[in-house]
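Encoded as structure tokens, the structure appears first; notes follow it.
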Amino acid sequence: MEEHRVLEGKAGVRQVYDEMADLYDSSEHLYWTRRMEEGEERAIRKWVEMAQSPLIDVGCGTGRYALKKAIEGSEVIALDISLEMIRRTVEKARKYGCDLNIHPILADGENLPFRERSFNSLICTLTFDHFERCELAASEFSRVLKDGGLCILTTFNPYTLNDWKRRAGVPLDKIRFQTEKMPPTLVYEVGHSANEIKELFKKHGFEVIGVRGCCYWHLLPLSLIKCYKLELDSFFNSLRFLMRYAELHSVCMKKSKHAHASFQQRINRLLKLLKSKI
């Protein structure tokens, strides 16, 4: 097995993205990452068009979606745990002339520094799998979204991701990154299927609008993967039983208008319980 540097926990995720930031969009080592991002963008394009301002992009990276929405005129909070990634987003925003609509925030997606019901939309792409406390992150997403707010989430499918990890000799709770300047490095990442996301977010007041997969590479021999046309994703998505073989799962959800009321009801029940104990 190839020697890897291992960076643990949240600090490790922050460090690896800081080190990759300047080459993230161009490194030959991240070729397949960019291919998956292309597939993801096709899969969720219509959902992103639906996202309304003000919007928060949790784990904005180098700004794929934050910049798109800012160019359209939306007010966007570009949030990331990596300062260097945020800097890349700001540089691009200045280049495209949309920097006045981009508001960079260095913060953790599991502890969002915003008031309740601050946003109409939330986008979190290929970031949720880095969270070790997913329940907390889902709760935070619900807290900062307004009633009826849109939540767009993409994750790695654990079935295909874990198959790749076993063949590559990578621990199931880690993912491998490398660039021309950074040695092979393992950091925390665990995939989540669309069904897992639906069940988790349902507990926090979300209703599913749509589910899509992309990059069905596991359906092809390894030698033909580079020939895979992203247009095939639409066909494979029409065959629901093939979702198991999608590399990425995308889920679009809406925060129920009754979510806040349900939370308040739980608080009221807790207060009554406390009073009965006094």
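Residues are listed down the side, and each one gets a yes or a no for (1) part of a helix (DSSP H, G or I); (2) within 25 Å of E28 (Cβ to Cβ); (3) out of contact with any Asp or Glu (no Cβ under 9 Å at 6 or more places or on another chain); (4) without any contact (Cβ under 8 Å) to a residue 12 or more places away in the chain:
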{"residue": "R117", "(1), (2), (3), (4)": "no, no, no, no"}
{"residue": "D129", "(1), (2), (3), (4)": "yes, yes, no, no"}
{"residue": "E140", "(1), (2), (3), (4)": "yes, no, no, no"}
{"residue": "C151", "(1), (2), (3), (4)": "no, no, yes, no"}
{"residue": "G191", "(1), (2), (3), (4)": "no, yes, no, no"}
{"residue": "L224", "(1), (2), (3), (4)": "yes, yes, yes, yes"}
Going through (1) under 14 Å from H103 (Cβ atoms); (2) assigned to a helix (DSSP H, G or I); (3) of a type in the set (V, I, T) one by one, I77 fails only at (2)
What's the number of the condition L200 fails, among (1) touching a Leu at 6+ places or on another chain (Cβ under 9 Å); (2) part of a helix (DSSP H, G or I)?
(1)
Six or more apart or on different chains, Cβ atoms under 6 Å: show the pairs whose first residue is in segment 21-38 and under 16 Å from R87 (Cβ atoms) and whose second is loosely packed, with under 13 Cβ neighbours inside 10 Å.
none
Quick test of your reading of the structure: W164 fulfils all but one of (1) within 19 Å of A43 (Cβ to Cβ); (2) in a helix (DSSP H, G or I). Name the failing condition by number.
(1)
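Taking only segment 226-240 into account, find how many residues are more than 29 Å from F141 (Cα to Cα) and part of a helix (DSSP H, G or I).
Let us first name the residues in segment 226-240 that are more than 29 Å from F141 (Cα to Cα), namely 226-232, 235-236, 238-239.
Next, from what is left, pick out any that are part of a helix (DSSP H, G or I): 226-227, 232, 235-236.
Count: 5.
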So is E91 without any contact (Cβ under 8 Å) to a residue 24 or more places away in the chain, out of contact with any Pro (no Cβ under 7 Å at 6 or more places or on another chain) and either surrounded by fewer than 17 Cβ atoms within 10 Å (Cβ to Cβ) or assigned to a helix (DSSP H, G or I) (or both) or not?
yes
If you scan segment 3-24, which residues turn out to be at pLDDT below 95 and touching a Lys or Arg at 6+ places or on another chain (Cβ under 9 Å)?
H4
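The values are calculated or read from the model by the stated rules, or taken from the named source; none is laboratory data. What you see is a predicted model; the values in this text were computed from it and never measured. All Cβ positions, glycine included, derive from the backbone under ideal geometry; neighbour counts span all protein chains shown.
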